[in-house]
Every structure is written in C-alpha cells, then in structure tokens.
Amino acid sequence: MDASTLATDRPIGIAIMAMGGQGGGVLADWIVALAEAAGWVAQSTSVPGVAQRTGATIYYVEIIRPYGNGRPVLSLLPVPGNVDIVIAAEMMEAGRAIQRGLVSPDRTVLIASSHRSLSVPEKAKPGDGIADPAAVLVAANAVSARFVCADMQALAERAGSVISASLFGALAGSASLPFGRAEFEATIRASGVAVEASLRAFNAGFDAIDAVPPAPIEPEPRAPAILGGTQAERSELARALSRIDAMPEAAREMLRAGLARTVDFLDVAYGHEYLDRVAPFADPALLTEAARQVAVALSYDDVIRVADLKTRAARFDRVRREASVREDQMLATTEFMHPRAEEIIATMPRGLGLAFERSALLTRLLRLVFDRGRRLRTTSLTGFVPLWLVAGLRRHRRSLLRHGREMAHVDAWLALVSRHVDSDPALALELLKCRRLVKGYSDTHARGLSKFDRVVGATDALAGRADAAEWIRRLREAALADEEGRALDGALRTVASL
C-alpha cells in the first residue's frame, strides 16, 4: 500500500462501564451521534456481563476523523493501555476499569460517579460487607492522567433524569473530546426523548467538573413526632420523652431514635416497655449500646411488619419519586413474597400456634397452601387489601406466638448482660453488641438467631477470664464472616480448647 494513503491520526477510544438501567447504551449512542454529526467516523460495541448487580456492561466507542475516501479499521474491544477516556457510572465500576488495565497514567481521562450501588457479595455478607471506596479513589488519582469525580447519580435524580445524561455533561465539561458544549446539547435535542430533563442533568454534570464539593452537613437529632392518636397516647409519648431527658445525655439521641422505632412498631405503651428494659444500664456507653440493640430486637421483622411497611403511603410516594413517575402517569408495583408455614404459625395466637406446631398434619396443610412464591400487585385492590389486613394485626401482637418468644429471648439476653455489668463491663458491652447477629426474617432470621445463641452460649466458659470480652468480640466477628458459619465453628473449637 502506498504510504501516502495511510492516515497518521489514531482513533479516540472511549470505554463506558455501566450497569443495567443506567443508560450506558444511550450514552454510547449519544457519543456516536455527536461524532457523526461533526463528520467523524464512529463505531460502538458492547460486552454484556452477568451476575454483577443488574448486569454490568462495557460499552466501547472509537471515533476518528475521516481521511479521504478510505475507511478506518476500528477496534471492537478496549485494549489496556490504549483507552483515552473511561466513563464509570459507579465508583466500583471505576475500580473494575482500573483492574482491567483500561486506565493509563499517560493518556486516560477517568470520569466516575462517586455514588455506590452495592454488589451482590456486599449485600450477602452477614456483617458489614461494603467495600471501602477510598482505595478506588487513591488508585484512580494515581493511575489516570486526569480523574473527574462527582455524584452523577444525585445530580441526575435532582434533574429528573438518569445518570447517562449527567455523565454526558461531565464528558463535555472535561473537554476530553474536540467538540463544543453546543454540539453536545444538540445531540441530546436530536434524540427527541426526555430532552428537557436530560439537558438539566447534562448541565448539572457539566457544572460539577469545576465545582467545589460542599462540606458535609451534620444531621440534626430528631425526636419522635407526636402525631395522631388519642390525647392519652400523646400524653404518654410526652411522658416517655421526659423519661429520656432524665437519662445520661450521651445516650439521649439513641434513646429517642429507639423510642420512635418501637412506638412505630406497636404503640406508645411498647415504647415505655422499651425504656423499662434499657433503664437499668446506668453507664452511658452501656446505655447507648442497649438503646440501639434493644430497639432493633423489639422491632423484629415478621409477616405483619413486612405487610405494614409495604402498604404505607410513604412507601408508595418514595417508589414513585425514585421511579421519576410524573403526575399524569400510573405506576404498578408488584411484591414478590414467599411466606413459610413457620411464619404463618408464628402469627397465630399462642395456643393455636402451638397446636399447629405440634401437629404434623396441620403443618403440612399450611405448607401446601402458603409455602410457595407469589406476586401481589399492591397498586391494585386484590393485592393491597390482603396485605393491609395482615398489617392490621399489629394491634394484636402481644397475644401472638412469635411475640411471646421474641420477648422471652430478649429478656434472657438482657439478664445475661446484667449479670456481668458490675464484674466485667467490657464483656457486658460485647454481649449487647452480639444482638446485631439477629436480623431479617424467615431463613435469614433463623440462621442469625442460631449464631447469636452459639456466641452468647460461650459466655459461661469465658466468664472470669481477663480476655472474655475480646473472645466474645472475636466470636461475633467470626459469625459475621460467612453465611454458613464455618468461621464461627472454628472459633468455637478454639474457645473449647482454652
């Protein structure tokens, strides 16, 4: 081939790391349309992923100036060391691009949203499995030629659009492509879809490039609001708040939050029961931890609470807001539910529930009727009314089988803690923290409760040792390490050998 026919330009490679629903394909299409409108040659491809949240996809775009009548040969995939711009629609997606070698310090502009969408492993870990984004931030600054970062998701939501539009604005604001702002905006207008909202998000993303991040605002402590109810109930809630005001100041904020949670779970009298259980802890550190853990324990998840939360007006408003539903649009919400026979029995009065538990025939019949997955459309009467009726059982909770068992378990736990308050306050504190092992409902609750019982069950063997509190902490962390409990098994064997 005659050397005079060879172009000296090289294409600009742009990799987009996005998840399902974030508009990564739209963003790639906009970049292609932008380049082609300017007379450039563009090519885009995508490599879908699986089992990563809602499906992570790498979109790759190459654009190049035209050269005579020749047709350029463009790459179908991003090649490490040869990518000019990486756009990540989430912080850990930026980390994934760095791991794949797509970000180079000599050429790559990295544009990333600072928000997080937790991965399946992060959500599945019994303890705090959330990965620390700080490591990604350090790496992004170190390995990129330029790092642009802002919460593009929040900007898009405030504009009533999706993150692809704010990322397109950030791309324009970074001046990484040889096109002006007006050309970017014209591309959005030419698409003809949600133009005004997309432009608002685009402008927010463009302006965020040089904006100074605002200082974090400390949330103000909130006391439970006295809303609704009879005059007697309002008076009792005010009395509960005055009881908190007489307790150590360091624990008051947590106590108010716990009171709000327990009153919301059942009634004002239940809020006083909560305060009765935590009041014996005089030490501020123990009282603060008890205020947190006892409130969570008393507001356990059951079928009634699930139904209550799913039928609240505030939840429908939140779903509409998160889905960006307009006033002239209708939204259908479908709940996926799979109640077990055990949950149904636990919702029965104590005597009836025990009779069902003792009868293999009755339990089998319940499984035939209830033990299967079902879909309820709560935006229809046939789906909403059954859940609303179940939620109405909350006023009868004190007489139900599950509630009696939960209260007995809580009281036994607090009695164990109280036995060690004077002799080993550090051990008492660690035993209070162990309640975080119990969470969720159905199988998740059963596994957590089993781990909790095994951890606190080691107290008698450890009591009196100088390192008893440290061992309970180690057992708790081992219980949180994996769902199956293998780490806890090993830690308990070690304790048995002491």
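Structure data summary
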quantity	calculated
Helices (runs of 4 or more DSSP H) enclosed by the range 269-334 - at least 1 residues per element that are farther than 26 Å from Tyr441 by Cβ and touching a residue at least 24 places away in the same chain (Cβ under 8 Å)	284-298
Test: residue in the range 398-412 that is of a type in the set (A, V, I, L, M), under 30 Å from Asp317 (Cα atoms) and crowded, with 18+ Cβ neighbours inside 10 Å	no
Qualifying positions in the range 82-106 - of a type outside the set (A, V, I, L, M, F, W, C) and under 21 Å from Val138 (Cβ atoms)	Glu90, Glu93, Gly95, Arg96, Gln99, Arg100, Gly101, Ser104, Pro105, Asp106
Set Leu432, Leu416: member being at pLDDT 90 or above, touching a Ser or Thr at 6+ places or on another chain (Cβ under 7 Å) and farther than 30 Å from Leu376 by Cα	Leu416
Close pairs from the range 171-193: first surrounded by 15 or more Cβ atoms within 10 Å (Cβ to Cβ), partner of a type in the set (S, T, N, Q), Cβ under 7 Å, at least 6 apart	Ile188/Ser198
Condition met for Val294 (within 29 Å of Leu387 (Cβ to Cβ), crowded, with 20+ Cβ neighbours inside 10 Å and β-branched (Val, Ile, Thr))	yes
Any hit, the range 107-127, residues being touching a Cys at 6+ places or on another chain (Cβ under 7 Å), buried (at least 17 other Cβ atoms within 10 Å of the Cβ) and either at positive phi or at pLDDT 80 or above (or both)	yes
Criterion: exposed (fewer than 13 other Cβ atoms within 10 Å of the Cβ) and either over 31 Å from the mean Cα position of the chain (by Cα) or on the phi > 0 side of the Ramachandran plot (or both) - qualifying residue of Ser359, Ser380, Ser442	Ser359
Positions within the range 356-390 being touching a helix residue (DSSP H, G or I) at 6+ places or on another chain (Cβ under 7 Å) and farther than 19 Å from Ala313 by Cβ, in sequence order	Phe356, Glu357, Leu362, Thr363, Leu366, Arg367, Phe370, Asp371
Residue match in the range 336-343 (condition: of a type in the set (Phe, Trp, Tyr), outside any strand (DSSP E or B) and in contact (Cβ under 8 Å) with a residue 12 or more places away in the chain)	no
Residue in the range 4-14 that is more than 31 Å from the chain's Cα centre (by Cα), farther than 22 Å from Ala170 by Cβ, small (Gly, Ala, Ser) and at pLDDT below 90 present	yes
Residue satisfying all of: in the range 465-481; of a type in the set (Asp, Glu) and assigned to a helix (DSSP H, G or I); nearest to Pro425 (Cα to Cα) among these	Glu470
Residue list for the range 308-344, restricted to those being at pLDDT 85 or above, in contact with a Leu (Cβ under 7 Å, 6 or more places away or on another chain) and under 30 Å from Ala408 (Cα atoms)	Lys310, Thr311, Ala341, Ile344
Number of positions in the range 61-89 that are in contact with a helix residue (DSSP H, G or I) (Cβ under 8 Å, 6 or more places away or on another chain) and either buried (at least 21 other Cβ atoms within 10 Å of the Cβ) or β-branched (Val, Ile, Thr) (or both)	7
Contacts under 9 angstrom Cβ, first residue in the range 69-88 being under 13 Å from Thr45 (Cα atoms), partner of a type in the set (S, T, N, Q), 6 or more apart	Leu74/Gln43; Ser75/Gln43; Ser75/Thr45; Ser75/Asn82; Leu76/Gln43; Leu76/Thr45; Leu77/Thr45
Output for the range 395-441, where each listed residue is farther than 24 Å from Asp267 by Cα and not aliphatic (A, V, I, L, M)	Ser418, Arg419, His420, Asp422, Ser423, Asp424, Pro425, Glu430, Lys433, Cys434
Residue that is farthest from Ala295 (Cα to Cα), among those in the range 237-268 that are of a type in the set (A, V, I, L, M, F, W, C) and not in a helix (DSSP H, G or I)	Ala246
Filter result (among the acidic types (Asp, Glu) and in a helix (DSSP H, G or I)) within the range 370-408	Glu406
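The values are calculated or read from the model by the stated rules, or taken from the named source; none is laboratory data. Remember, predicted model here, so these are calculated numbers, not experimental data. All Cβ positions, glycine included, derive from the backbone under ideal geometry; neighbour counts span all protein chains shown.
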